[in-house]
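A.B. asks: This is the structure, below, for whatever I ask next.
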Amino acid sequence: MRREMTPVILTALLLSVALPAVGQVPEMFVTSDRCLACHNGLVTPTGEDVSIGVGWRPSMMANAARDPYWQAAVRRETLAHPMASEVIENECSACHMPMNRYQANAEGAKGEVFAHLPIARSVDDRSRLAADGVSCAMCHQIGPEKLGEDESFTAGFVVDKTSAERVAFGPYDVDAGRQNVMRSASQLLPEKASHIQKSEVCATCHTLFTHALDDEGKTVGTLAEQVPYLEWRHSEFRNEKSCQDCHMPEVDGEMKIASVVGLPHEGMSRHVFRGGNILMPRIPVSYTHL
């Protein structure tokens with residue numbers, strides 16, 4: 001005899017598939033290839049390519065994990081301080097391999113660097129996350145909690161660790177139909193949030209205090225390695241321009257933010273991440289996508 005499933009039973013079965021088990025951390029991140037197909041192919045009426053993927057791919061954000069200078073610096077530190085190598089890799093991967101490191105920490109493990117190198121051999125999912133650097137699913141999942149506070153510095157950003165429904169924060173309202181298109185392609189559900197355009201989001205990694213260790217690997221102090229956010233906060237620009245205003249300049253006029261069923265919006269930010277690094281663009285780095 002065939003038994004029909006009641007709506008309650010069917011809903012329970014669907015939830016058992018969609019939600020992580022109690023105490024289990026969901027997979028929080030996806031690589032940028034899930035986003036770029038729709039957020040490329042964006043050309044202004046004057047012929048300028050302002051594609052989000054095209055702008056981001058050669059940037060230092062995209063290549064944070066591929067940076068040979070950074071890789072060499074981490075290697076040098078771990079060779080000089082082998083007893084603290086686990087701590088060093090965990091701290092140095094926080095902003096250069098943030099997705100993999102955040103996922104590992106949420107699961108009670110340490111972030112690793114050399115386990116995911118060389119990048120050309122990044123075939124498993126976690127190594128692919130590591131290789132993707134500072135990627136779409138990283139920045140756009142940072143929540144508003146603690147932003148601008150000391151606790152948020154040195155990669156103290158907050159990403160939801162419990163929900164199977166992943167939210168991607170952005171500056172625009174997105175209707176239900178386009179939300180479903182994005183979720184089906186990337187597993188990320190877009191949601192409007194003003195904090196994503198504030199300097200405090202950038203400050204989470206660009207205010208870096210490095211921990212100094214003694215011979216036994218114990219923390220004995222901190223060093224302000226880079227604090228451009230704090231410098232900005234004490235400057236006249238604080239009330240004039242945000243980090244994004246200069247490093248992600250806006251496109252003039254209306255522009256579609258997606259090539260697939262995208263709508264035109266004012267103030268689309270170029271994802272070029274302008275910076276002062278003149279070394280890396282001169283170093284041949286493999287930009288072959290994941």
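The values are calculated or read from the model by the stated rules, or taken from the named source; none is laboratory data. All of these numbers come straight from a predicted model, not from anything done at the bench. Neighbour counts run over all protein chains shown; Cβ positions are idealised from the backbone, glycine included. Just so you know, the surface numbers come from the protein's heavy atoms only, side chains and all, with ligands and any DNA or RNA stripped out. Shrake-Rupley method; radii C 1.70, N 1.55, O 1.52, S 1.80 Å.
A.B. asks: What whole-number volume per residue, in cubic angstrom, does the convex hull of the C-alpha atoms of the chain give? All intermediate terms of the calculation are to be shown ahead of the outcome.
C.D. replies: Working: hull volume 51.4 nm³, N = 290.
Taking the convex hull of the Cα positions in the chain, it is 177 Å³ per residue.
A.B. asks: For the pair Glu48 and His81, how long in nm is the line joining their label points, each one 7 Å along Cα→Cβ?
C.D. replies: Taking the two extended label points, one gets 4.4 nm.
A.B. asks: Residue by residue, what Karplus-based ³J(HN,Hα) values in Hz, rounded to whole numbers, does the range 67-84 have, using 6.51, -1.76 and 1.60 with θ = phi - 60° and x for Gly and Pro?
C.D. replies: 4, x, 5, 5, 4, 5, 5, 5, 4, 4, 5, 5, 6, 6, 9, x, 5, 10
A.B. asks: Computing the accessible area with a 1.4 Å probe over protein heavy atoms, can you report the carbon and sulfur percentage for the range 131-290?
C.D. replies: Using a 1.4 Å probe with all protein chains present, the range 131-290 comes out at 53 percent carbon and sulfur.
A.B. asks: Can you tell me the accessible area per residue over the range 138-290, all protein chains present, probe 1.4 angstrom, in square angstrom?
C.D. replies: Values: 9030 Å² over 153 residues.
Accessible area per residue: 59 Å².
A.B. asks: Ok, one more. If each residue of separation counts as 0.36 nm, what is the full-extension length gain between Leu263 and Glu250 once their alpha-carbon separation is subtracted? Spell out each step's value before the answer.
C.D. replies: Working: separation 13, 0.36 × 13 = 4.68 nm, distance 1.63 nm.
Difference between extended and current length: 3.1 nm.
A.B. asks: Specify the residue with the greatest mean-square fluctuation among Gln103, Gln24, Gln71, computed from a Gaussian network of the chain linking alpha-carbon atoms under 10 Å apart.
C.D. replies: Gln24
A.B. asks: Taking the chain as a Gaussian network, Cα atoms linked when under 10 Å apart, which of Glu149, Glu48, Glu77 shows the biggest mean-square fluctuation?
C.D. replies: Maximum among the listed residues: Glu48.
A.B. asks: Quick check on packing: order 270-277, 84-91, 112-119 by the mean number of other C-beta atoms within 10 Å, highest mean leading.
C.D. replies: Values: 270-277: 15.1, 84-91: 19.1, 112-119: 17.5.
The packing order, highest mean first, is 84-91, 112-119, 270-277.
A.B. asks: A further question follows. Which GluC sites (Glu not before Pro) in the range 211-262 pass both tests, a DSSP loop state and at most 14 other beta-carbon atoms within 10 Å? Show your work: numbers first, answer last.
C.D. replies: On the way: sites: Glu216, Glu225, Glu231, Glu236, Glu240, Glu250, Glu254; in loops: Glu216, Glu240.
Of the GluC sites (Glu not before Pro), the ones in loops of the range 211-262 whose Cβ has at most 14 other Cβ atoms within 10 Å are Glu216, Glu240.
A.B. asks: Comparing Met248, Met99, Met83, which has the greatest mean-square fluctuation in the GNM of the chain with Cα pairs linked when under 10 Å apart?
C.D. replies: Between Met248, Met99, Met83, it is Met83 that shows the largest mean-square fluctuation.
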